[in-house]
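J.: Take this structure, written in structure tokens, and hold onto it; I'll ask about it next.
The values are calculated or read from the model by the stated rules, or taken from the named source; none is laboratory data. For clarity, every value in this text was computed on a predicted model and none was experimentally measured. Glycine also receives a Cβ, built like all others from the backbone with ideal geometry; neighbour counts cover every protein chain displayed.
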Amino acid sequence: MEDLKKIIRSIPDFPKPGILFYDITTLFQDAQGLKRCLDLLEEQYKGKPIDKIAGIESRGFIVGAALADRLNCGFVMIRKKGKLPWDTVAETYELEYGTDELEIHVDAIKEGEKILVVDDLLATGGTLVAASNLIKKVKGEVFGIACVIELLGLKGRSKLSSYPFFSLVEYEGG
């Protein structure tokens, strides 16, 4: 998966000094890179009992929806507060400075459906924990969690130890 790493752009001091940002827009712009990313995820989850994929706003939508198409399953959006037009359930999570909230439609998942949560990046794990809690609130089962990038130094995986986790690219830092 080192081939994917070569396509992902690193931007120092974004969004603030001291942060090294991994920009996957370059991966999405590269037809072969995007195809390789989706091929690897499809290989990991093909034939598994997944009913739906839940993608987290916004880059998780891109990977999650494309993967749902390949796996012939439904797709669910998990969005920031106030972005979904129907009745929702919310989950608050911690940010570096304060809190934020994610929402899902109350009827997005049927009781007992197995859900694969997809996002672009695992850092501290707060967003993915909140998304997993939302799925449980609407009575779905988290089948697993998949990300394109994992920042090992932030140890986000430790917060997700209840679920099988898969990432395509790992970076040591955080």
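J.: Only one residue in GLU101, GLU94 is surrounded by 12 or more Cβ atoms within 10 Å (Cβ to Cβ), touching a strand residue (DSSP E or B) at 6+ places or on another chain (Cβ under 7 Å) and not in a helix (DSSP H, G or I). Which one?
T.: Numbers: GLU94 fails: touching a strand residue (DSSP E or B) at 6+ places or on another chain (Cβ under 7 Å).
One residue alone meets the criteria, GLU101.
J.: Any residue in region 25-42 that is more than 15 Å from ALA68 (Cβ to Cβ) sitting within a Cβ distance under 7 Å of a residue that is exposed (fewer than 14 other Cβ atoms within 10 Å of the Cβ) and aliphatic (A, V, I, L, M)? List the pairs, counting only those 6 or more apart or interchain.
T.: Cβ pairs passing all conditions: LEU40/MET1.
J.: So, in region 23-75, of the ones that are among the charged types (D, E, K, R) and assigned to a loop (DSSP other than H, G, I, E, B), which residue ends up surrounded by the fewest Cβ atoms within 10 Å (Cβ to Cβ)?
T.: LYS46
Matching residues to (1) of a type outside the set (A, V, I, L, M, F, W, C); (2) modelled with pLDDT under 95; (3) surrounded by 18 or more Cβ atoms within 10 Å (Cβ to Cβ); (4) touching a strand residue (DSSP E or B) at 6+ places or on another chain (Cβ under 9 Å):
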| residue | (1), (2), (3), (4) |
| --- | --- |
| LEU116 | no, no, yes, yes |
| THR127 | yes, no, yes, yes |
| ILE135 | no, no, yes, yes |
| ILE145 | no, no, yes, yes |
| SER158 | yes, no, no, no |
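J.: Can you tell which of ALA108, ALA31 is closer than 24 Å to PHE143 by Cβ and either modelled with pLDDT of 95 or more or among the basic types (Lys, Arg) (or both)?
T.: Answer to the selection: ALA108.
J.: Quick check on my filter: what residues within region 92-128 are under 16 Å from the mean Cα position of the chain (by Cα) and over 21 Å from GLY173 (Cα atoms)? Break it down into steps so the answer makes sense when it comes.
T.: Filtering region 92-128 down to residues under 16 Å from the mean Cα position of the chain (by Cα) leaves 93, 101-104, 114-128.
If the condition is that a residue be under 16 Å from the mean Cα position of the chain (by Cα) and over 21 Å from GLY173 (Cα atoms), then TYR93, GLU101, LEU102, GLU103, ILE104, LYS114, ILE115, LEU116, VAL117, VAL118 are the ones that fit.
J.: Every residue in region 10-22 that is surrounded by fewer than 14 Cβ atoms within 10 Å (Cβ to Cβ), closer than 13 Å to ILE149 by Cβ and not hydrophobic (A, V, I, L, M, F, W, C), please.
T.: Selection gives SER10 alone.
J.: Moving on. Return a yes/no flag: does region 125-140 have any residue that is in a strand (DSSP E or B) and either in contact with an Asp or Glu (Cβ under 9 Å, 6 or more places away or on another chain) or farther than 17 Å from TYR22 by Cβ (or both).
T.: The answer is no; no qualifying residue exists.
J.: While we're here: Can you say whether LEU121 is part of a helix (DSSP H, G or I), buried (at least 17 other Cβ atoms within 10 Å of the Cβ), aliphatic (A, V, I, L, M) and on the phi < 0 side of the Ramachandran plot, as far as the supplied structure shows?
T.: Numbers: part of a helix (DSSP H, G or I): no; buried (at least 17 other Cβ atoms within 10 Å of the Cβ): yes; aliphatic (A, V, I, L, M): yes; on the phi < 0 side of the Ramachandran plot: yes.
For LEU121, the condition - part of a helix (DSSP H, G or I), buried (at least 17 other Cβ atoms within 10 Å of the Cβ), aliphatic (A, V, I, L, M) and on the phi < 0 side of the Ramachandran plot - is not met.
J.: Continuing with the same structure: Restrict the check to region 55-72 and report whether at least one residue is touching a residue at least 24 places away in the same chain (Cβ under 8 Å) and either of a type in the set (Asp, Glu) or in contact with a Ser or Thr (Cβ under 8 Å, 6 or more places away or on another chain) (or both). If you could, list the steps in order and put the result at the bottom.
T.: So the first thing to find is which residues in region 55-72 are touching a residue at least 24 places away in the same chain (Cβ under 8 Å), and the list is 55-57, 59-60, 62-64, 66-67, 70-71.
Then drop every residue that is not either of a type in the set (Asp, Glu) or in contact with a Ser or Thr (Cβ under 8 Å, 6 or more places away or on another chain) (or both), which leaves 56-57.
Yes, region 55-72 contains a residue that is touching a residue at least 24 places away in the same chain (Cβ under 8 Å) and either of a type in the set (Asp, Glu) or in contact with a Ser or Thr (Cβ under 8 Å, 6 or more places away or on another chain) (or both).
J.: Is there any pair linking a residue in region 1-23 that is closer than 17 Å to LEU152 by Cα and of a type in the set (A, V, I, L, M) to one that is modelled with pLDDT under 90 and not in a strand (DSSP E or B), with Cβ under 7 Å and at least six apart or on different chains, and which?
T.: As it stands, the answer is LEU20/GLY173, since those pairs meet every condition given.
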